[in-house]
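Undergrad: Before we start, here is the structure in question, set down as structure tokens.
Since every read-out is calculated from the coordinates, none of them should be taken as a lab result. Please read all numbers here as calculations on a predicted model, not as lab measurements. Neighbour counts run over all protein chains shown; Cβ positions are idealised from the backbone, glycine included.
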Amino acid sequence: MDADTLSILARKVALAQDDGQDSKRSILRALRLSLARAADDTFDLAMSVIGATQARRSAETLAAGVAEDRLYLLLLGPEDRMGAACVDRACLTAIIQQQTMGQVFEGAPSERAFTGTDAAMVAPLIDTILPRAADQCETLTDRRCLTGYEFCSRVEDSRALLLAMEADDYRTFDLTIEIAGGKAQGQITLILPDIPDLVEDMEESDGAEAGLRLDQSFGVMRADLQAVISRVRLPLSAFADMKPGDVLPLIGNKLDRTEILTIDGKQIALARLGQCRGVRAVRLNETKESDVVVEPYDAGFQAHGAASEKDALSTQGVDNLTHPDVIDHTDFVTAPDSEAVPQPASVGQEQPLFDMNSDLAAVEISQLAGLGEEEDAFPQMSPSS
């Protein structure tokens with residue numbers, strides 16, 4: 001199979017790859033069209049892309065996409081981003097022959113060192129390809145990838161080129177080129193930073209200004225809360241002597257009223273402490289502590305079968321007391337019905353002491369001592385003889 005047949009097959013494969021792309025024009029097709037037109041307009045040279053591939057590489061794997069023994073051109077882009085173009089000897093020789101002698105000759109290129117003059121003769125082609133390709137791209141990401149780059153300097157080897165690349169991610173485009181109708185075949189590799197989509201940047205900026213929606217906030221925001229079961233006060237000496245494994249007593253049963261505190265110590269809720277699927281969990285109480293209805297004090301205990309407290313107080317004659325809970329238990333003891341025992345004197349009335357004889361005093365003392373009437377508190381003394 002000769003070279004012409006291989007060239008035709010390569011073109012068909014490249015066209016088939018483009019037909020399978022999205023309805024939007026791919027960046028590879030834009031590079032193919034722009035390179036052919038740029039070479040014709042700049043050098044009056046027939047160049048066509050017969051094969052094109054692209055790859056996304058990180059800065060660590062970029063060395064695998066940079067071939068050796070190439071002319072390395074650095075491209076300066078927007079925001080001081082650095083790109084590169086690698087041109088092989090076949091393309092360089094064809095471009096120099098076209099500019100110096102007006103035609104391309106067949107044959108293997110000469111093995112010589114690359115110079116700054118070589119870079120200056122190839123730079124117009126690179127500077128023309130990229131803006132034209134950017135204009136033909138239909139996706140915003142592809143246009144941003146190709147826009148604003150131009151030749152700035154040449155580096156000696158691939159190591160120096162990799163040191164100049166400072167972005168995190170890159171897109172590499174390998175273009176296989178047929179020159180002057182098949183007289184030569186070369187390759188150009190473009191290395192450009194992979195810029196995030198502008199739409200994503202706008203969405204992120206809008207989201208930063210407007211705030212996340214509620215469905216986007218779950219799982220994103222972080223809240224540190226503390227659950228306080230009990231508060232214990234210890235002397236400083238006891239606290240200093242504590243060690244891992246010591247047990248602290250919990251004062252009061254407050255598992256159903258666990259305090260939920262924010263990071264600054266502010267109480268925001270009360271919850272019940274428990275477990276959920278084997279891990280500690282809390283459930284917020286439905287009502288706040290202040291919402292609990294406290295029973296009035298007068299709903300106290302009552303004797304079994306007794307009437308209401310109001311009725312009980314009424315029967316004791318304490319309806320007009322200033323404090324209904326203070327009950328006067330004044331009880332007047334009625335003396336036994338006996339002529340020997342005088343009735344108590346009325347309030348403010350004094351009873352003369354000389355009216356009570358010795359017999360009455362003895363009877364009263366006997367009653368106070370709990371003696372019966374048949375017993376004498378003081379035995380009768382027989383008169384002395």
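Undergrad: Calculate, in nm to one decimal, what Leu273 and Glu286 gain on full extension: separation in residues at 0.36 nm each, minus their alpha carbon distance. Could you put the intermediate results ahead of the total?
TA: Working: separation 13, 0.36 × 13 = 4.68 nm, distance 1.38 nm.
My answer for the length gained is 3.3 nm.
Undergrad: Oh, and also: For the stretch 3-200, what class follows from the C-alpha gyration tensor (a ≥ b ≥ c being the square roots of its eigenvalues): rounded when a/c is under 1.5, otherwise prolate if a/b is larger than b/c, else oblate? If you can, show how the numbers build up before the last one.
TA: Numbers: a/c = 1.65, a/b = 1.16, b/c = 1.42.
Oblate, because a/c is 1.5 or more while a/b does not exceed b/c.
Undergrad: Under the rule a/c < 1.5 gives rounded, and otherwise a/b versus b/c splits prolate from oblate, where does the stretch 46-122 land using the Cα gyration tensor?
TA: On the way: a/c = 1.97, a/b = 1.69, b/c = 1.16.
Here the stretch 46-122 falls in the prolate category.
Undergrad: Can I ask one more? Could you calculate the FRET efficiency of Ile96 with Asp40 from 1/(1 + (r/R0)^6), where r is the beta carbon distance between them and R0 is 30 Å, rounded to 0.05? Before the final figure, lay out each step's value.
TA: Details: r = 17 Å, r/R0 = 0.57.
That pair, Ile96 with Asp40, gives E of 0.95.
Undergrad: How high is the FRET efficiency from Leu162 to Ala227, r the C-beta distance, R0 51 Å, rounded to 0.05? Don't jump to the answer; show the numbers that get you there.
TA: Numbers: r = 54 Å, r/R0 = 1.06.
Efficiency for this residue pair is about 0.40.
Undergrad: Stretch Glu138-Asp264 to full length: gain in nm at 0.36 nm per residue minus the Cα-Cα span?
TA: 40.1 nm is the gain from fully extending Glu138 to Asp264.
Undergrad: Something else now. Tell me, in nm to one decimal, what length is gained between Leu234 and Thr53 on full extension, where the rule is 0.36 nm per residue of separation less the Cα-Cα distance?
TA: On the way: separation 181, 0.36 × 181 = 65.16 nm, distance 7.40 nm.
Extra length from Leu234 to Thr53 when fully extended: 57.8 nm.
Undergrad: What does the charge add up to near Cys145, with Lys and Arg as +1, Asp and Glu as -1, over the other residues with Cβ less than 10 Å from its Cβ? Write down the numbers at each step before the final one.
TA: Numbers: positive: Arg143, Arg144, Arg171; negative: Asp142, Asp194.
Surrounding charge for Cys145 is +1.
Undergrad: Near Arg231, within a Cβ-to-Cβ distance under 10 Å, what is the net charge of the other residues, with Lys and Arg +1 and Asp and Glu -1? Please report the intermediate quantities before stating the final value.
TA: Values: positive: Arg233, Lys254; negative: Glu259.
That sum, taken over residues with Cβ under 10 Å, equals +1.
Undergrad: Can you give the net charge of the other residues whose Cβ lies under 15 Å from the Cβ of Ala64, counting K and R as +1 and D and E as -1? Before the final figure, lay out each step's value.
TA: Values: positive: Arg56, Arg57, Arg70, Arg159, Arg171; negative: Glu60, Glu68, Asp169, Asp174.
Neighbour charge sum, excluding Ala64 itself: +1.
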